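J.: Structure in structure tokens, see below.
The values are calculated or read from the model by the stated rules, or taken from the named source; none is laboratory data. Keep in mind that what you see is a predicted model, and the values were worked out from it rather than measured. Virtual Cβ from ideal backbone geometry, glycine too; neighbours counted across all protein chains shown. Note: areas computed on protein heavy atoms with side chains; ligands, DNA, RNA excluded. Shrake-Rupley method; radii C 1.70, N 1.55, O 1.52, S 1.80 Å.
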Amino acid sequence: MLDLKQIKADPDAVARGLAKRLPDVDFSEILELDRRSRELIGQIEALRAERKDIARQIGQKKKAGEDSADLEARAAEIKKGIEDGEPELDAIKDKLQRLLAELPNIPDEIVPPGGKENNQVVHTWGEAPDRGDWGLDHVELSQRLNLIDYERGVKIGGSGFWLYTGMGAALEWALLNYFCQKHFKDGYQFLLPPHMLVHECGYAAGQFPKFTDDVFHLQTDEGERDRFLLPTAETAILNVYRDEILKPEQLPTKCFAYTPCYRREAGSARTEERGMIRGHQFNKVEMFQFTAPEDGKAALDELVGRAQGIMEELGLHYRTSLLAAEDASASMALTYDIEVWLPSLGIYKEVASVSWARDYQARRANIRFKPKGAKQTEFIHTLNGSGLATSRLFPAILEQHQRPDGSVAVPEVLRPWLGVDVLEPPRG
């Protein structure tokens, strides 16, 4: 959430910053609601002060045996004025909060304006493998190697689901083990959060109210809190410290979590979304950092480097892109995507997204810290990064490491979990 004080101080500057995302930004309603809110607060506080003074006068008159009817009538008027003003004030505050919550984050100055056509490739590693005339796509490879059962996945879960089998399940778990071991070894705190989250979690992350329909909501009993299935572990990790004040020595706090991710986005019949490229459930290890504002840039560089390092250890050709403002999450000031090359499609697909929210999420989640020597608390900065997601990484491994005989070389870092160097078609 943006800082109302910043909007009030220089609305034109904030509007210019948001122009990369929003063609027209008008703060007039927000500013008027804030003005009316402050006006009502002043009126109500004045009435309360008057009521307190009248109560004192009534007490004195009664003690002296004098008539206090006029004062009591005025006290009744004041009470009604307060009772009439408070609901209006609450309604104004609610609307003001809603309008502020709907505003996206201000993009960083280096972020290009516009949509994905303006994304900028900032780094490339490796070369696209030559598949010759023998290369197969990941769907055929996974079926020939008995790694994925697409038909039974749909039978169990419906469209947009698949079933890992045999060495396919082992390869998926090897990836997740490798990610977790790497982050744990480097000092990140391992978390296994709930998959069912309360509404406040989505709001704090910036996904609600605008993107409420993008998640799976659960039916709950009357009087029970609304819950939804987490779309990413970021939504859960951020809320670990919701409404808390962290100590300076706790920063930076570095965490990672493994969870499945549940999303309403459906696959399509397009070739580039066949197989595991897009579905309702996929596995991901998510990295997260809570930092002091001055440490945000270093944390971003660290998270990008970690995601890139994993790709390189897997031997996969990839590129890193700086996302344009409209292609990045509305909650984020700056986002880099790590995109893997899929030879059968001739395109790059995102397998990791690393973002810096600055204080946007912390303001919504009310997560603060008190710098040493400071009198006031400050909002922390939050950053997240995939470390990594597997549903597109798995196909890329098959396609980039396939061999002319139909087998697939296992990346060296995964061999300790799989116990084999090569995935081969079953004999007979």
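J.: On a full-extension model of 0.36 nm per residue, what is the gain between GLU88 and LYS372, subtracting their alpha-carbon distance, rounded to one decimal in nm?
T.: Net length gain for the segment: 98.2 nm.
J.: Something else now. How would TRP134, TRP356, TRP173, TRP341 line up by accessible area, probe 1.4 Å, largest first?
T.: TRP173, TRP134, TRP341, TRP356
J.: Pull up all non-local amide H partners of LEU22: gap of 5 or more, or a different chain, and H-to-H distance under 5 Å with H placed in the peptide plane.
T.: For LEU22, whose amide H was placed from the backbone, there are no distant partners under 5 Å.
J.: Using +1 on the beta carbon of Lys and Arg, -1 on that of Asp and Glu, and nothing else charged, what's the dipole of the chain about the Cα centre, debye to 20?
T.: With Lys and Arg at +1 and Asp and Glu at -1, about 960 debye.
J.: Let's test this: bin the Cα-Cα distances of the stretch 114-170 at 5 Å from zero up to the farthest pair and state each bin's percent.
T.: Final binned percentages: 4, 14, 14, 13, 10, 14, 16, 12, 1.
J.: Turning to a different aspect of this structure: Which value, in debye to the nearest 20, gives the size of the charge dipole of the stretch 26-102 about its Cα centre, when Lys and Arg are +1 and Asp and Glu are -1 at the Cβ?
T.: Roughly 500 debye for the stretch 26-102.
J.: While we're on this one: How large is the accessible surface per residue of the chain, computed with a 1.4 Å probe and reported in Å² as a whole number?
T.: 50 Å²
J.: Grab every C-alpha pair in the chain, bin the distances at 10 angstrom width from 0 up to the longest one, and report whole percents.
T.: 4, 18, 25, 21, 13, 8, 5, 3, 2, 1, 0
J.: Run the 1.4 Å probe and let me know the accessible area of HIS123, rounded to the nearest 10 Å².
T.: The value for HIS123 is about 60 Å².
J.: While we're on this one: At 15 angstrom or more along the helix axis (alpha-carbon based) and mean Kyte-Doolittle of -0.5 or higher, what helices does the chain contain? Whole DSSP H runs only.
T.: The qualifying helices are 166-185, 296-313.
J.: Answer with one residue from ALA236, ILE148, HIS123: the one whose Cα lies farthest towards the positive end of the charge dipole of the chain, charges on Cβ with Lys, Arg +1 and Asp, Glu -1.
T.: ALA236
J.: Within the stretch 313-345, what residues put their amide N at less than 14 Å from the label point 7 Å along the Cα-to-Cβ vector of ALA409?
T.: From the stretch 313-345, the list is 313-317.
J.: If you bin every alpha carbon distance in the stretch 378-417 into 5 Å steps from zero, what whole percent lands in each bin?
T.: 5, 16, 18, 21, 12, 7, 6, 6, 4, 3, 1, 1
J.: Would you pull out the residues with amide H under 5 Å of LEU388's amide H, same chain only if 5 or more places away, H placed 1.01 Å from N?
T.: Amide H neighbours of LEU388: VAL285.
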